[in-house]
Every structure is written in C-alpha cells, then in structure tokens.
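Each remark here refers to the structure printed beneath this line.
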Amino acid sequence: MSIWSLPRAPVIEALALERVFRMGSTEVNALRGVDLRVERGEMLSVMGTSGSGKSTLMNILGCLDRPTHGSYSLDGTSVEGLSKDELADIRNQQIGFVFQGFNLLPRTSALENVELPLLYDRSGRQLRTKDLAAAALERVGLADRMDHDPSELSGGQQQRVAIARALVTQPSLVLADEPTGNLDTVTTLEIMALFQELHADGVTLLIVTHETEISSHTERIVELRDGRVVRDEPVPDRRDALEDMEAVRGLELVGSP
C-alpha cells in the first residue's frame, strides 16, 4: 500500500482526559474522562454552562494546560511529555486562537497584528511575513484595512483581524473561544458566515460557546456537563449564516421609519 493512500491522523484525538485542580485540601474535578476525536476539516461547537469544563478542555486542546490523566494527540503528534518550549512551538505553528476580546495590540496596524505569529515562529519556515499577513487579511475581506489600528476598526473588523492572525500560520486547528460574545446580531452572523466559508475551504474549526444560535451554524455539537461529554451529535438542519444575516437585515429594513 502506498503511503499516500494511508488514512491521515485525526486533528484531535483525546482519550480519557481528566483535569483535577487542587486548592489546599480540596480537589475540583473539571474534566472527568473526556473522549474527543475531530477529523480534518470538521467544524464543531463545544457547549456547556459555566463550570461544565468547556474552558478547561479548550485550554488542554490548545496546549495551554496539561491533563492530570489521559492522552492527547494533535495532528498525529502526542503532546504528552513535551517541554514548555515545544508546547509553545506547537501553539505557534499548529493552533490558531480566536478570543472573545480580540486580543489585538492597540497601537499596531492590522497587518502587523496578523504578522506577529510569523515573527515568533522559530522554525524559520516562514519568509516574506508581510506578504503572508496581507494574504490572510485579504482572505477575511480586509484588504483595504491593513494599515488601520484596532481603534479605527469596528468590532466585527477587529474580530476579522484576529481570525486572519489565527490563519496566517496555516494551522492544523483553529480554536475560537466565544468569538462573537462582544458582537451584535448582524456582526455575529457575518463572523459565523466567515467561519462557514473557511470550513468549506477545509479549515478545522472548534468553537467554544454557550449559545445555541452559534452552535446551529456548526456541523457537530459536543456538550459538556460537570466535566463529562453528555452529547456528541451532528447538528440537525444546520443553519446558513449568510441566509440568516440577510433575513435579519430584512427585518431591520421593515422596522425602520
């Protein structure tokens, strides 16, 4: 059998993840035996109320934290036992992060914000960093805003810059933590439409959210409760964010004087 015909490893393969936090003599079990497998090109949402374990799970999947027990492989690489520097390299090269608060440098242009992960890439694989950053901004529809600082951009535009920054290293996985939490309804749908477009292009997306409206635009829902997976299933009647956005704008026009 040719190596080219062998099945590729899943982007995420987590088995029996447990995370215990110790505060004095008290133990808090944030994760209790979580199994999760995510294939390349999937778009899924991880849901749960506050305290369900979804943020803890995201921190482990993003190599920001280590499980107390269990195993985790990212794109075929086991992250157990890696040094802090090796984990930092994985975060830089294989994972793109999108946060609710955008996390952009305030007095730095959109282009320079997007370029930043490339400048921290110690592998030397990325040259022409400004060209790559410009291409990422074009991909999210901000070709005409490259020289603008965050204060000169709307909330939706700032989140698009953050998404471009997450994409610029061509990561194996994009992790988005409540990415629309600070946005209004129309802008939220614009961002979800962009995520659906990226998904159609083959980007692997995991979106942490507590909103069913957001999860309805993904293709799979994983729900956590008390540190355990209580649901893992395809999204029935997945919604099209562009269609929803046009419907909302239509209602706004009808209601305007």
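The values are calculated or read from the model by the stated rules, or taken from the named source; none is laboratory data. Being a predicted model, the structure only gives us computed values, none of them experimental. Cβ coordinates were reconstructed from backbone atoms using ideal geometry, including for glycine residues, and neighbour counts include every protein chain displayed.
Structure summary
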item	result
First in segment 134-150 and exposed (fewer than 15 other Cβ atoms within 10 Å of the Cβ), second anywhere and modelled with pLDDT of 95 or more and of a type in the set (Gly, Ala, Ser), Cβ under 8 Å, 6 or more apart	Ala143/Ala134; Asp147/Ser109; Asp147/Ala110
Qualifying residue in segment 234-241 (condition: closer than 27 Å to Val34 by Cα, in a strand (DSSP E or B), of a type in the set (A, V, I, L, M) and in contact with a strand residue (DSSP E or B) (Cβ under 8 Å, 6 or more places away or on another chain))	no
Subset of segment 206-226 (residues that are part of a helix (DSSP H, G or I) and among the hydroxyl-bearing types (Ser, Thr, Tyr))	Thr212, Ser215
Candidates Glu223, Glu213, Glu233, filtered to the one that is surrounded by fewer than 16 Cβ atoms within 10 Å (Cβ to Cβ) and more than 18 Å from Pro10 (Cβ to Cβ)	Glu213
Any hit, segment 179-200, residues being in contact with a strand residue (DSSP E or B) (Cβ under 8 Å, 6 or more places away or on another chain), charged (D, E, K, R) and touching a residue at least 40 places away in the same chain (Cβ under 8 Å)	no
Only listed residue being within 21 Å of Val161 (Cα to Cα), outside any helix (DSSP H, G or I), among the β-branched types (Val, Ile, Thr) and touching a residue at least 24 places away in the same chain (Cβ under 8 Å), chosen from Val229, Val203	Val203
Scan of segment 196-251 for residues that are of a type in the set (A, V, I, L, M), in contact with a helix residue (DSSP H, G or I) (Cβ under 6 Å, 6 or more places away or on another chain) and under 22 Å from Leu61 (Cα atoms), ordered by number	Leu205, Val208, Ile221, Leu224
Residue among Glu190, Glu178 that is closer than 27 Å to Pro67 by Cβ and surrounded by fewer than 23 Cβ atoms within 10 Å (Cβ to Cβ)	Glu178
Test: residue in segment 25-39 that is closer than 24 Å to Ile214 by Cβ and of a type in the set (S, T, N, Q)	no
So Leu105, is it over 30 Å from Glu42 (Cβ atoms) and within 20 Å of the chain's Cα centre (by Cα)	yes
Filter result for Leu119 (without any contact (Cβ under 8 Å) to a residue 12 or more places away in the chain, of a type in the set (A, V, I, L, M) and touching a helix residue (DSSP H, G or I) at 6+ places or on another chain (Cβ under 7 Å))	yes
